[in-house]
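Here's the structure, in structure tokens; my notes come after.
The values are calculated or read from the model by the stated rules, or taken from the named source; none is laboratory data. Please read these numbers as outputs of a predicted model, since none were measured by experiment. Backbone-built Cβ (ideal geometry, glycine too); neighbour counts: all protein chains shown. The accessibility values were calculated without ligands, DNA or RNA, using every heavy atom of the protein model including side chains. Shrake-Rupley method; radii C 1.70, N 1.55, O 1.52, S 1.80 Å.
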Amino acid sequence: MKKNGTFFLSVVQADALRSGVWDPYAYREQMQSETLEHFVSVQKVQGRSSRIAAFKYSPIEYRHIHRGTIPVFTLELTGGASTERVPLVGEGCLLFGTMRAYLGNTLVTPKAEWLGEVSPKFFPVKSEFVQVIPKDGLIYFWWAFLQSPRFLQNLPIGTGGTRPRLDRELLLHTPVEVPLKPVRENIHRALTAYAERAWRGYIEAETLLNSTTR
């Protein structure tokens, strides 16, 4: 039985021929998304611990993070002489909350100069965060990306009973689609400038408020 069909003929120069292996499933690899692991490393907050009373500000918690894409979070002045020991993180540290109910709680610790203080500066951390270290160094791009609805919708459900947490390995294996590096660099530069202005304004407002209410 003769089957109807079509064919085509291509004329290729001999020096343009390239040898290869025909693979009918090659498209599957081309269609796969990369995972977060290609772009960042993730680790537990492993900074040295210290007593809360030794710091100007209280340990960072989820409640200090504002809703929306805002680069500042609340720096709460230490109210007492607590001797509890907590981990510390440095400036420009990207933290991601792992409690399922609080996924998207993401922050970047500010530079000391933005706060009118001397570097190096360390921030106590009390809540359950992991530190995300971008391989391209573009901290503020990833700060925005990790709280985007498209990324959060791809996160797996955490484990742990009534208070599920997102495991580090599951986070790293989350599929992602990100723009090319030049685009990421432009976003990072713009957001870094925005963050600096926001933090300087935050400290200016805090200083003004404290001077008028004491």
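When Leu155, Leu170 are screened for being open to solvent by 30 Å² or more (accessible area, probe 1.4 Å) and over 25 Å from Ala195 (Cα atoms), only Leu170 passes. For the range 151-161, name all the residues that are in a loop (DSSP other than H, G, I, E, B) and either among the β-branched types (Val, Ile, Thr) or modelled with pLDDT of 80 or more (or both). Hits for the range 151-161 are Leu155, Ile157.
Mind checking which residues of the range 162-176 are modelled with pLDDT under 90, touching a Ser or Thr at 6+ places or on another chain (Cβ under 8 Å) and assigned to a loop (DSSP other than H, G, I, E, B)? Listed by number, the residues that qualify are Leu166, Asp167.
Scanning the range 177-214 for residues that are open to solvent by less than 40 Å² (accessible area, probe 1.4 Å), β-branched (Val, Ile, Thr) and assigned to a helix (DSSP H, G or I), we see that the one that is modelled with the lowest pLDDT is Ile203.
Of the residues in the range 133-150, not one is within 23 Å of Val45 (Cβ to Cβ), in contact with a Gly (Cβ under 6 Å, 6 or more places away or on another chain) and modelled with pLDDT under 90. Restricting Gly104, Gly68 to those that are exposed (fewer than 14 other Cβ atoms within 10 Å of the Cβ) and outside any strand (DSSP E or B) reduces the list to Gly68.
Taking Arg168, is it touching an Asp or Glu at 6+ places or on another chain (Cβ under 7 Å) and over 25 Å from Leu77 (Cβ atoms)? Answer is no for this residue.
Against the list (1) over 26 Å from the mean Cα position of the chain (by Cα); (2) at pLDDT 60 or above; (3) not small (Gly, Ala, Ser), the condition Glu76 fails is (1).
When each of Glu113, Glu91 is tested for being part of a loop (DSSP other than H, G, I, E, B), under 16 Å from Glu196 (Cα atoms) and at pLDDT 90 or above, the lone residue that passes is Glu91.
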